[in-house]
1. Mean projection of the alpha-carbon convex hull of the chain over all orientations, in nm²?
2. Between beta-carbons, use under 10 Å as the cut-off and find the net charge around Pro437, counting Lys and Arg +1, Asp and Glu -1.
3. How would you classify region 336-484 from its alpha-carbon gyration tensor, with a ≥ b ≥ c the square roots of the eigenvalues: rounded for a/c under 1.5, else prolate if a/b is greater than b/c, otherwise oblate?
4. Could you please report the charge total around Pro309, scoring K, R as +1 and D, E as -1 over all other residues with beta-carbon less than 15 angstrom from its beta-carbon?
5. Just the accessible area per residue of the chain, please: how many Å² with a 1.4 Å probe?
6. For the modelled label position 7 Å from the Cα of Asn446 along Cα-to-Cβ, which residues of region 262-291 have backbone nitrogen atoms closer than 20 Å?
7. Given labels modelled 7 Å from the Cα in the Cβ direction, how far is it in nm from Ile18 to Val322?
8. Compute the signed sum of charges (Lys and Arg +1, Asp and Glu -1) over the other residues within less than 9 Å, Cβ to Cβ, of Gly152.
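The values are calculated or read from the model by the stated rules, or taken from the named source; none is laboratory data. Please read these numbers as outputs of a predicted model, since none were measured by experiment. Please note: Cβ atoms are built from the backbone with ideal geometry, for glycine as well, and neighbour counts cover all protein chains shown. Note: accessible area is taken over every heavy atom of the protein model, side chains too, but ligands, DNA and RNA are not part of it. Shrake-Rupley method; radii C 1.70, N 1.55, O 1.52, S 1.80 Å.
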Amino acid sequence: MHQHSLRQLSALLQSKQISATELAQHYLHRIEGNRYNAFTHVDHTMTLAQAANADQRLAQGTANALTGIPIAHKDIFVTRGWRSTAGSKMLANYVSPFDAAVVERFNQAGMVTLGKLNCDEFAMGSANENSHFGAVKNPWDTSAVPGGSSGGSAAAIAARLAPAVTGTDTGGSIRQPAAFCGVTGIKPTYGSVSRYGMIAFASSLDQGGPMARSAEDCALLLNAMVGFDERDSTCVERATEDFSRDLNQSLQGLKIGVPREFFGAGLADDVAQAVRAALSEYEKLGATLVDISLPKTELSIPVYYIIAPAEASSNLSRFDGVRYGHRAAEYKDLNDMYRKSRTEGFGDEVKRRILTGAYVLSHGYYDAYYLQAQKIRRLIAQDFQAAFTQCDVIMGPVAPTVAWDLGDKSDDPVANYLADIFTLSTSLAGLPGMSIPCGFGQGEKNSKRPVGLQIIGNYFAEAKLLNVAHQFQQATDWHTKAPE
Ligand code: GLN
């Protein structure tokens, strides 16, 4: 049952061959033991209550394509009833009084929540080793990281612990874990998905999106996820779209931009090979490859690691031990309470970013760092617009290597930052990007570790990206492969 697509599951539910309750029980059973540490909170009673509701809707004929299908949420989306921790000790026992807009939308569709998924603390990380609840393991090779920050989300799809999950992507956190775990994920155009109730990291970059096994599944999920929300001031008001509408369009004549800068010295051979093979497959499907340049790719690392921490230092000032979250047990006065609560509640990477952010925003440094980074951010976005005059979509690797070993880079923040090189520019420009499985590379000790192909589109070109991904998935079977 856990190998079925969302469409197949939906058909089984609608025709009453299975009930939502049976389906939920099947997945709850698979989750038992939490093998990869993918989940932070599971609650059978709440899941089964939602499943019973879905069954009622299915019986009454008020169901839609997603009713009764299980989903799990990255623990960065707040949820009523379930703990909402953001992977942090700061929020380890926090239960939100309301649902995030994304959760609300999936609940309204009648989807059944399986639980909350582990992630890097406040979504800061590339390996899911920064979680207060421990690292997540990659189901393909448990000595490897699953990628981050949506590591629990990607691992849950790869291990078939959930047929659908949510993730968030600030600088690559949907695409990179999807690549490392061999699953499909899409980060939509900035502003498409409401950030209301998504615990904030860097507000000008944060964007929610779905992860699943295929582009077809992601399209269905995106249909429910995207929509205007007046509670998020950066949410875009646009006509409702059916993201599945173009899935079956032919790719004859498609122009694929291949950025030179994505195939330079730092790219591992096994990743380059798998990505090149995917590009050849696209040529067979009728596409042509166009050599393009995104000259500021390297600058995306310093630019992102100035802007994101700057916004984080501001966003995380709300965790002061007063309103919510961890409060130190003993303190002398108010300042001491702030200091101790924050010292105890935040992990190392979060502290590093708060300090960096406060520094680049401070008087005397603001012009040299923050303002400069904002200017280059604009230039990065312009490079993409120049590229899109030559091509319809851009393709390249998601990350320079396959998943690395757990512990390998955990003491080296810069090594983690450098591995984000191919995903950051898309986020800085606010463009939509996808990752789809396209082969395998070599892990240490000769294990197989998945490689992701990144597909980047112009603003609001999600339906096109999903079409391009789906056609590849019709012609190949990488996305159907599962770890043993
Ligand atoms: N790896 C990047 C970071 O650590 C991106 C994280 C994200 O997209 N949430 O900030």
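1. 21.9
2. +1
3. Oblate shape, in that a/c is at least 1.5 and b/c is the bigger or equal ratio.
4. Neighbourhood net charge equals -3.
5. I get 37 Å² per residue for this part.
6. Inside the label zone: 269-271.
7. Those two pseudo-labels are separated by 5.0 nm.
8. For residues surrounding Gly152, the net value is +1.
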